[in-house]
1. For the chain, build the convex hull from the C-alpha positions and give me its volume per residue in Å³.
2. Please give the contour-minus-distance gain from residue 153 to residue 76: 0.36 nm per residue of separation, less the Cα-Cα distance, rounded to one decimal in nm.
3. Counting other C-beta atoms within 10 Å, which of 147, 99 has the fewest, and how do the rest follow?
4. Once you've got the GNM for the chain with C-alpha springs shorter than 10 Å, pick whichever of 186, 142, 165 has the biggest mean-square fluctuation.
5. Would you mind listing how long region 1-101 runs along its three principal axes, going by Cα atoms, in whole Å with the largest first?
6. Can you give the convex hull volume of the alpha carbon atoms of region 123-209 per residue, in Å³?
7. Can you tally the net charge around residue 71? Count Lys and Arg as +1, Asp and Glu as -1, for every other residue whose Cβ sits under 14 Å from the Cβ of residue 71.
8. Could you tell me the center-to-center distance, by alpha carbons, between region 75-110 and region 133-206 in angstrom?
Amino acid sequence: MAKLQVAIDLLTTEAALELAAKVAPYVDIIELGTPLIKAEGLKVVTAMKNAHPEKLVFADMKTADTGALEAEIAFKAGADLVTVMGTVDDATIKGAVESAKKYGKQVVVDTIGVKDRVKRAKEVTAFGVAFVELHAGLDEQALPGYSVETLINEGREAQVPFSVAGGVNLNTIKDVVAAGATVAVAGGAIYGAKDPAEAAKALKEAMEA
Ligand SMILES: O=C(CO)[C@H](O)[C@H](O)COP(=O)(O)O
């Protein structure tokens with residue numbers, strides 16, 4: 001069964017905890033977004049894990065260098081999963097994976113900016129990452145003609161464990177699951193909703209229908 005990951009792209013620990021309290025019953029993974037971690041530091045990760053020890057806490061570190069070190073500080077802060085960029089040197093990804101093995105945690109590779117996401121997904125899977133995030137960032141999503149279907153099709157083609165992130169919503173989440181995703185990521189569709197709990201519940205139900 002695919003997991004639902006809420007991406008919290010808010011800017012304060014207080015707002016993140018408030019949102020997580022509302023949506024926790026319906027999500028499997030709680031992601032602290034990169035801007036949130038940059039604004040608040042890794043203490044937001046610790047606060048989230050303390051508040052929701054039964055959930056997987058995903059620190060969207062978007063690491064580009066010092067893979068082992070950045071993964072280690074996030075794991076020590078309470079993260080269960082960290083992201084490393086797929087565009088960077090293999091050594092950075094491998095370093096993060098080594099750290100994950102040491103702490104019994106996991107690494108996810110983020111494919112923002114990767115030209116051939118299917119090829120890179122296969123390459124980095126061989127390094128021992130948990131799954132590959134087929135991802136169009138918020139800037140890319142805002143470009144004319146963007147469609148999440150491209151990512152969904154790439155997931156189907158890659159034949160490796162993957163998540164899809166980038167405008168996943170109630171209209172598209174069934175396609176994400178049908179393509180065989182390990183995780184469907186929803187940010188704006190949840191935190192931007194009038195009733196985030198209701199939105200998360202509806203997404204979860206759509207995934208399971
Ligand atoms: O990591 C991110 C941006 O870099 C976002 O959290 C991710 O793209 C999901 O966002 P949304 O569901 O709001 O499109």
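1. Working: hull volume 22.5 nm³, N = 209.
In the chain, the Cα hull volume divided by residue count equals 108 Å³.
2. On the way: separation 77, 0.36 × 77 = 27.72 nm, distance 3.57 nm.
Extra length available between residue 153 and residue 76 comes to 24.2 nm.
3. Details: 147 13, 99 22.
Least to most surrounded, the residues fall as 147, 99.
4. Residue with maximal mean-square fluctuation among 186, 142, 165: 142.
5. For region 1-101, the Cα extents along the three principal axes come out at 39, 33, 22 Å.
6. Values: hull volume 8.8 nm³, N = 87.
Roughly 102 Å³ of hull volume per residue.
7. Working: positive: 62, 76, 94, 101, 102, 105; negative: 60, 65, 70, 72, 80, 98, 110.
Local charge sum for residue 71: -1.
8. 22 Å
Here, each number is a calculation from the coordinates, and none is a lab measurement. Here the structure is a predicted model, which is why all the values come from computation and not from measurement. Cβ sites come from the backbone with ideal geometry, for glycine too, and all protein chains shown count toward neighbours.
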